[in-house]
Amino acid sequence: MIKILIPFVAIFTFASCSSAPEKSNGTEENNAASETVKHEVEIEKEAPKFETSSMIEDSVVTTVVEKSAEIELEKVEVNQVDKAEEIKNAPSKPTKIVDEHLIEKEDLKVAEVAEIEPPVIEISVSHSIWNTLLQKNVSSAGLVNYKGFKADKLELEKYIALLKSKSPTKDWSKNEKLAYWINVYNAFTVQLIVANYPLKSITDLNKPWDQKIIDIVGTKYSLGDVENNILRKMNESRIHFAINCASYSCPRLLNEAFTADKLNSQLRKVTKSFFNDATKNDLSGNPIKISKLFEWYKGDFSGGNILEYINKYSGKTISADTNIEYLEYNWSLNE
């Protein structure tokens, strides 16, 4: 505790003669003068031992002031402790960051304070209907229940109609566009199979990848158009493991809809799943035996360096001098 002491200065005023006593030649006068001087000296010696009433009052005032100051400081300290506890226990507030835009004006710098805003995820098309259908009719192993899709034909047609009514614009993010076109490819492939079910293979149909079965806001596309003229031109090689051609040797159909907010994690998942599926790729020996997808679309995978691409995404390390053998493709329906 800090004490504030108000110094007290006592000013003593001693009586003095306004003028020195006049000299006298008489003995009585000299004796009287001598007694007067002696008396004054005695008074002067005793004067500091006495306090005037004003001195006492000043001393009392000083003591009161000191006590008041001490009390006020104690209050300040208590308030500071209480304030500290209040701040400590106060509920957390939204974090703020300082976005400094240094504005040079008369040598002043101004810092603007802005609230942190959560990232906004735009949803141009809801894929919730498709997500429900996939979870219901596709197993975790990627096997498709086409009979189930046929029973849910009305819901499938509802989702197809939604896709037809929306065409990606330049305002859509890349992830939104990718998710949209991957879902278009997979949903229209399932619709094509359901419309011709039962059948043993998609190759039983007449040029299934060349038919203009997709109509998006009046523009017609084939499955081949979506794959080769749209998705492959978006600089994302992992789309090859996300789109499904309704065949056993194709990458598994993911049992959830692709969405912009989860796209990267979903692409990682399907790519890892494809490399770890021993029926699609065998990376254990020399030569390694891999899917014909890597032969058909070789230029899409690290510019044709297949081993480099495998090392990047498979989690394995394949020697640069390892030989490659491509597996025969099984076009049987993936059910």
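Worth a mention:
- Relative to the current alpha-carbon distance between Asn206 and Asp321, full extension at 0.36 nm per residue lengthens the span by 37.3 nm.
- For segment 203-287: relative contact order, % (alpha-carbon pairs under 8 angstrom, 6 or more apart): 17 percent
- In order along segment 258-265, the phi-based Karplus estimate (6.51 cos²θ - 1.76 cosθ + 1.60, θ = phi - 60°) of 3J(HN,Hα) comes to 6, 9, 4, 6, 10, 4, 4, 5 Hz; Gly and Pro are listed as x.
- Karplus 3J(HN,Hα) series, Hz, for segment 235-240 with 6.51 cos²θ - 1.76 cosθ + 1.60 (x for Gly, Pro): 6, 9, 5, 6, 5, 5
- Residues with amide H under 5 Å from that of Asp215, placed H, sequence gap 5 or more: Tyr221
- Per-peptide packing, taken as the mean over residues of other Cβ atoms within 10 Å, places 149-156, 253-260 in the sequence 253-260, 149-156 from highest down.
- Distant-in-sequence amide H partners of Ile290 (H built 1.01 Å from N, under 5 Å): Asp282, Glu325, Tyr326, Leu327
- A cut-off under 9 angstrom between Cβ atoms defines the neighbours of Ile290, and their net charge, with Lys, Arg +1 and Asp, Glu -1, is 0.
- Net charge, Asn145 excluded, C-beta distance under 12 Å - Lys, Arg +1, Asp, Glu -1: +1
- Cα gyration tensor, segment 128-326 - rounded (a/c under 1.5), prolate or oblate: prolate
- Note, ³J(HN,Hα) from phi for segment 201-215, Karplus 6.51, -1.76, 1.60, rounded to Hz, x at Gly and Pro: 8, 5, 6, 6, 7, 7, 6, x, 8, 10, 6, 7, 8, 9, 10
- Note on Lys220/Gln135: beta-carbon distance plugged into 1/(1 + (r/R0)^6) with R0 of 22 Å gives a FRET efficiency of 0.15.
The numbers here are math on the coordinates, done by the rules we state, and not lab data. Computed from a prediction, not measured in an experiment: that's the story for all the values here. Glycine gets a Cβ as well: all are built from the backbone with ideal geometry, and neighbour counts include every protein chain shown.
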